[in-house]
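Here's the structure, in structure tokens; my notes come after.
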Amino acid sequence: MGQQLKRRPRPALRRAAVVALLGAFLFLAGCSAETRQEWENLAMPDPASDQAEHIFYLWRYAWIAALITGGIVWGLILFVVVRFRRRSDDEIPVQTRYNLPLEIFYTIAPILMVVVLFYHTVNVQNAVLEDTDQDYTIEVVGQQWSWTFNHVLDGKDEGPVVYTYGTGSVIPTLVLPVGKTIEFRLNSPDVVHSFGMTGFLMRMDVIPGRENSYEVTPDTEGEYRGKCYELCGTYHSRMMFNVEVVSEDEYLAYLDELEAKGNYSEEPLLGGNYVNDPVGLEEFEEEGQ
């Protein structure tokens, strides 16, 4: 009777494992295409620019390295549990005070892993922050509680701009030309914000009194979403914007359209009360957002 009680219900465990695997497959099968794509990309959207490719592959291979390391660690743990398990009640395991080769290994191995990860991270950072001969420049202003986009008419040089901005009731749209390198110059007149867009896999702080900048080269036409990634106050969640990547001809036509509407300035708009729409704020509060 005592021996029967000590037996492990191995068939039951195997059945439970099979049920768990089937449940996982059914869960994944029921997911939307977007959700499955996020699983395949390890929670990262598809890269939509030349610079995003570098970030995407760093993310993917960092996960692969982490999974391999985790598999080795868990494998060693399970090996020790099984190989050196107690086989009788009066058995005393062999006591090991130290193992010099093992201690050297588990000290050196993590250091080497960090060095390799640091090396590739620096390479990716240098690649995505490299200054090139950009085709267009956009002066981006993040302020409480919306965004302003100043498109420099002289291309990459400073000069007259056409602009668009959001208000309390209007989410602005940032239009970009596909296949062209755009430099974003980031400014803020009030607090720290953070400028980022899905698909471009990069964000950067928008700091008062300091102009940060980075470049993107969109390679896929389509619609994306952008927002502030830095908690910037009461209506932080309102700081959203839409992104449309179009052909260069459509982009130039869009700039002409802004100029025809009167959205023209000799200098970039770097902040102002034009983004504060009390009606929009009231509607936002009523929606409970």
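Numerical summary
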| item | result |
| --- | --- |
| Residue within region 194-201 that is assigned to a strand (DSSP E or B), more than 23 Å from Asp133 (Cα to Cα), open to solvent by less than 50 Å² (accessible area, probe 1.4 Å) and out of contact with any Leu (no Cβ under 8 Å at 6 or more places or on another chain) present | yes |
| Arg238 vs. criteria touching a helix residue (DSSP H, G or I) at 6+ places or on another chain (Cβ under 7 Å) and over 24 Å from Asp154 (Cα atoms) | yes |
| Test: residue in region 172-188 that is assigned to a loop (DSSP other than H, G, I, E, B), farther than 21 Å from Asp50 by Cα and open to solvent by 40 Å² or more (accessible area, probe 1.4 Å) | no |
| Residue within region 141-163 that is part of a strand (DSSP E or B), among the aliphatic types (A, V, I, L, M) and either surrounded by fewer than 20 Cβ atoms within 10 Å (Cβ to Cβ) or at pLDDT below 90 (or both) present | no |
| Selection count, region 203-232, where residues are open to solvent by less than 30 Å² (accessible area, probe 1.4 Å) and within 19 Å of Val124 (Cβ to Cβ) | 6 |
| Which numbered condition Phe105 fails, given (1) exposed (fewer than 11 other Cβ atoms within 10 Å of the Cβ); (2) in a helix (DSSP H, G or I) | (1) |
| Check on Thr35, part of a helix (DSSP H, G or I) and modelled with pLDDT of 75 or more | no |
| Residue pairs meeting the criteria (Cβ under 9 Å; at least 6 apart or on separate chains; first free of Cβ contacts under 8 Å to residues at least 60 places away in the same chain, in region 60-87; second assigned to a helix (DSSP H, G or I) and among the β-branched types (Val, Ile, Thr)) | Ala62/Thr121; Ala65/Val116 |
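The values are calculated or read from the model by the stated rules, or taken from the named source; none is laboratory data. These numbers come from a predicted model, not from an experiment. FYI the Cβ positions are ideal-geometry reconstructions off the backbone, even for glycines, and counts take in every protein chain you see. Side chains are part of the model used for accessible areas, which takes the heavy atoms of the whole protein and leaves out ligands, DNA and RNA. Shrake-Rupley method; radii C 1.70, N 1.55, O 1.52, S 1.80 Å.
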